[in-house]
Structures are given as structure tokens and as C-alpha cells.
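The values are calculated or read from the model by the stated rules, or taken from the named source; none is laboratory data. Note that the structure is predicted; figures quoted are calculated from it, not measured. For neighbour counting, all protein chains shown are included, and Cβ atoms are generated from backbone atoms with ideal geometry for every residue, glycine included.
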Amino acid sequence: MKSHYTLALCLTLAMTMPAGAQDDTFNIEELTCFEVVSLPEEDALFVTAMLIGFANGKTGTSLTSATAIREAVEAFDAQCGEEPNLLAVEAIS
């Protein structure tokens, strides 16, 4: 997966997506690393932002620093590179 920019970019992409643009549904807790990193870059950015938000919601924390978000995404990319069958929510945690 190409390097991610920041959560702000991810959220910008999400907010500019037209309603109903994507009819596919998925369970975020069932996505594997391979499924996320195999997506087109914009979709992978969007899903990664969702994963960060999901993980933060489960722990009651939030990443507000661009540096912290970048580090989380880089760690996610590295973990997924080593274990493509790992659940993405486990890799982002």
C-alpha cells in the first residue's frame, strides 16, 4: 500500500463521496489486511481512516496529532505486510 497522508485527507475523501456512490456493505471487524491493502488507494485511505476511528472508539481514545496518525498507519502497513491474513482491526490496534 502506498504511504498514507493523514487522517484529514481520509476524512476529506469520505466527505466528498456522493451519497449512494457505493452500494457494497462490509463488516469492518471481518476485513483482512490483504483486503484493505488490495483496494485502490483512495478506498484504502478511506477504510484505514474508518479502522483508526473504530479502534479509537473501542478504546475511548482519539488520535489528533498528524504524527500519531501517520505512525499508526505506518505500523498498520508494516503489520499487514508481514501478516496479510490478519484481521485489519487487529493490525490497527
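Close Cβ contacts (under 7 Å, 6 or more residues apart or on different chains) running from residues in region 40-58 that are loosely packed, with under 15 Cβ neighbours inside 10 Å to residues that are part of a helix (DSSP H, G or I) comprise Glu42/Leu13.
Just one of the listed residues (Ala75, Ala66, Ala19) is loosely packed, with under 15 Cβ neighbours inside 10 Å, hydrophobic (A, V, I, L, M, F, W, C) and modelled with pLDDT of 90 or more, namely Ala75. Scanning region 63-93 for residues that are in a loop (DSSP other than H, G, I, E, B), small (Gly, Ala, Ser) and under 14 Å from the mean Cα position of the chain (by Cα) turns up just one, Ser93.
Residues that are loosely packed, with under 12 Cβ neighbours inside 10 Å and at pLDDT 80 or above: does region 79-87 have at least one? Scanning region 79-87, I find at least one residue that is loosely packed, with under 12 Cβ neighbours inside 10 Å and at pLDDT 80 or above, so the answer is yes.
One residue stands out in region 41-61 among those that are at pLDDT below 90 and of a type in the set (Val, Ile, Thr): the one that is nearest to Ser93 (Cα to Cα), namely Thr59.
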